[in-house]
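Just so you know, all these numbers are worked out from the coordinates, no wet-lab data involved. If you're wondering where the values come from, they're calculated on a predicted model, not measured in any experiment. Heads up, the Cβs are rebuilt from the backbone with ideal geometry, glycines too, and the neighbour counts pull from every protein chain shown.
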Amino acid sequence: MAVVRVQAEPFEMGAEFAALAGGRTDIGGVGAFVGQVRDAADGRRIVAMTLEHYPGMTERAVSAIAAEAEARWSLLGCTVIHRVGRLLPGEPIVLVLAAAPHRAAALAATGFLIDWLKTRAPFWKKEEYADGASAWVEAREADDAAAARWQQLPA
Amino acid sequence: MTERMLRLLYFAWLRERVGRGEESLALPAEVTTVAGLRALLAARGGGFAALAEGGSVRCAVNQDLAGPATPIGPGDEVAFFPPVTGG
C-alpha cells in the first residue's frame, strides 16, 4: 500500500525515505522527485503560491494514481506527499518516492507518478506576483503530453 | 413537484467567479444528468456561464470525474472545477 498524504505542513525527505526503505533488503533502488515553488514564471516574479485541493477527492485520486504505479511497475512501495495552502519560493510542494528491485522500474514509476499527479489529481495553483497581482495557473499542454506518453508505453 | 437536494462544490477560479465554494440546490425533477445540471446553472449567468457544456470546467459526481451523461441523484455531491494544475 502506498503512503499518500495531502498536508499543509512541510515534509522531511530523509524521514520519508527511511520510512519507505529503511531496513528493507529487497529494495534495489528508490526513485525520488521533489517539486519546489519557483520564484518566477513567464518572466514574472513570484512571491508566493497557494495550492487549493478538493478534500476527499484529491486523496482518492492520488491513491488511485499510486496504486496504478505500484501495479504497472510491481513496486515494493511508494510515497506521495502533496502540500496545500500558501507556500513561498524555495519551499517543497510535492514528494514522490518509488521503490523497486531495480532502477528502471523505480525511475519510470517516479516519472509516471509526477506526470499523472500534475494532470489527474485535483489541485489548483494560484500565483502571487511581486507587483501585488495574482492569477490562477493555467493547465499546460506540455503537462498533458508528458502524462499521455505513459499511455503509449507498455507497462 | 418533486425536489431533490444536491450539494454543489466549486473550486479555484470558478469558486471566485461564482462567489461561493458550495451551495445546496433543490434540483428540478427534469434535471437528471450532468449536462442538464450544467445548463440549469449556466442559465444563472455571470460567473456561472463558465459551467456551460463545451467550456474548460470539469465535473465530478461523488468525487469521480463525470461526463455529460453521468446521472445525478438525490444526495449527490457534484463538484465543478477548472483543469487541474498541481504537482
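Structure above, values below:
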quantity	calculated
Close pairs from the stretch A:77-95: first closer than 22 Å to A:GLY29 by Cα, partner among the acidic types (Asp, Glu), Cβ under 9 Å, at least 6 apart	A:GLY77/A:GLU70; A:CYS78/A:GLU70; A:THR79/A:GLU16; A:ILE81/A:GLU16; A:LEU95/A:GLU16
Residue selected from the stretch A:112-143 under the condition under 17 Å from the mean Cα position of the chain (by Cα) and loosely packed, with under 14 Cβ neighbours inside 10 Å, by the criterion nearest to the other protein chains (Cβ to nearest Cβ)	A:ARG140
Any hit, the stretch A:46-63, residues being free of Cβ contacts under 8 Å to residues at least 24 places away in the same chain and of a type in the set (Lys, Arg)	yes
All positions within the stretch B:55-84 that are outside any strand (DSSP E or B), in contact with a Phe, Trp or Tyr (Cβ under 7 Å, 6 or more places away or on another chain) and under 14 Å from A:ALA121 (Cβ atoms)	B:PRO82, B:VAL84
Number of positions in the stretch A:32-59 that are of a type in the set (Asp, Glu) and farther than 16 Å from A:LYS126 by Cα	1
Residue that is surrounded by the fewest Cβ atoms within 10 Å (Cβ to Cβ), among those in the stretch A:52-88 that are more than 14 Å from chain B (Cβ to nearest Cβ) and under 12 Å from the mean Cα position of the chain (by Cα)	A:THR79
